[in-house]
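**Q** First the structure, then my questions, so here it is.
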Amino acid sequence: MSDCPRVDEPKLLPHRIAGNLALDLANTFSFRGTACEVDHLAGIDDVQGWAAAAGLVDDGWSVPPTESRSFLATVHRLRIAVDVAGAAIADHAEPPADALATIRDIAAGSLARATLVGAPAHLSFTGTDRIIGPIAWAALDLLRGPELDRLKQCPSNDCQWLFIDRTKNGSRRWCEMATCGDKAKRRTRKAATSRG
C-alpha cells in the first residue's frame, strides 16, 4: 500500500494560488521531488482542462491532433523555464540564462503570430497560442514588473510552489496555509510532543 495521499480523482487540478498565470503553470506538480509526485499536466487533455479552468480557452476547445505533441512539449518547456527562473529569484539568485531564453523565445513566437487590436492595444492570440501566449507574456510581465521582489517559494520540501506575496508586510510564507502551513504546524506539534 502506498503512503502517498490520494490525488487520483479524474483530472484533479491544483489550486491556482500563485497570483500569476505563469507561476500557476509552474505549480502543476504535487508532491514535487517525492515518490508521490503527480504531474497534473502529463497529457494533452490535462493541459486543455487546466487552460479552460484558467479561462484561457472555452470548455471543449481542443488542440488539433497534428499539433498536440509539439504543443505539449512547448507547454512543458515553458513550465520548466518558469519554475527554474522563479525558484532562483525566490532564492535571491540570478535566474539561469537558458530559462530566461526559453521564456523569451516562446513569448516572441506567440507575439509573431498574434494580432494587436484596439486602443488601448490588446494582443489577440489564436490556435494553441491562446494558451501559450498569455502564459509566456505573464512570465515576461512578472520578470519585468514591480512584484518580482514579492516572488516566494513554499518552503515545504514536497511542495515548492511559487507565489506572489501580496500581504502588506510581506509575511506570507506558505503556498496555502490550509495545506502546507497546517502540515508544518502539525509536524512542529508532533516534534514538540515527542521531545516532551
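**Q** For Val63, indicate whether it is at pLDDT below 95, of a type in the set (Val, Ile, Thr) and either surrounded by 20 or more Cβ atoms within 10 Å (Cβ to Cβ) or more than 17 Å from the chain's Cα centre (by Cα) (or both). Before you say what the answer is, go through the steps one by one.
**A** Working: at pLDDT below 95: no; of a type in the set (Val, Ile, Thr): yes; either surrounded by 20 or more Cβ atoms within 10 Å (Cβ to Cβ) or more than 17 Å from the chain's Cα centre (by Cα) (or both): yes.
Here the answer is no, as Val63 does not meet what is asked.
**Q** Pick out the one residue from Ala107, Ala93, Ala51, Ala97 that is more than 18 Å from the chain's Cα centre (by Cα) and closer than 27 Å to Arg166 by Cβ.
**A** Being more than 18 Å from the chain's Cα centre (by Cα) and closer than 27 Å to Arg166 by Cβ holds for just one of Ala107, Ala93, Ala51, Ala97, which is Ala93.
**Q** State all residues of the range 116-126 that are surrounded by 10 or more Cβ atoms within 10 Å (Cβ to Cβ) and not aliphatic (A, V, I, L, M); if no residue qualifies, say none.
**A** Hits for the range 116-126 are His122, Ser124, Phe125, Thr126.
**Q** Applying the selection to the range 28-51, what residues are assigned to a loop (DSSP other than H, G, I, E, B) and in contact with a helix residue (DSSP H, G or I) (Cβ under 8 Å, 6 or more places away or on another chain)?
**A** Kept after step one, since they are assigned to a loop (DSSP other than H, G, I, E, B), are these residues of the range 28-51: 28, 31-37, 40-43.
Thr28, His40, Leu41, Gly43, listed by residue number.
**Q** Is it true that some residue in the range 32-48 is of a type in the set (S, T, N, Q) and surrounded by fewer than 15 Cβ atoms within 10 Å (Cβ to Cβ)?
**A** Yes, the conditions are met somewhere in the range 32-48.
**Q** Mind checking which residues of the range 49-60 are surrounded by fewer than 19 Cβ atoms within 10 Å (Cβ to Cβ) and touching a Leu at 6+ places or on another chain (Cβ under 6 Å)?
**A** Ala53
**Q** Which one of these is of a type in the set (Gly, Ala, Ser), without any contact (Cβ under 8 Å) to a residue 60 or more places away in the chain, in contact with a helix residue (DSSP H, G or I) (Cβ under 6 Å, 6 or more places away or on another chain) and not in a loop (DSSP other than H, G, I, E, B): Ala99, Ala112, Ala136?
**A** Ala99
**Q** If you don't mind, another one. Considering each residue of the range 66-76, count those that are exposed (fewer than 12 other Cβ atoms within 10 Å of the Cβ) and of a type in the set (A, V, I, L, M, F, W, C), and give that number.
**A** Final tally of qualifying residues: 1.
The values are calculated or read from the model by the stated rules, or taken from the named source; none is laboratory data. Remember, predicted model here, so these are calculated numbers, not experimental data. Glycine gets a Cβ as well: all are built from the backbone with ideal geometry, and neighbour counts include every protein chain shown.
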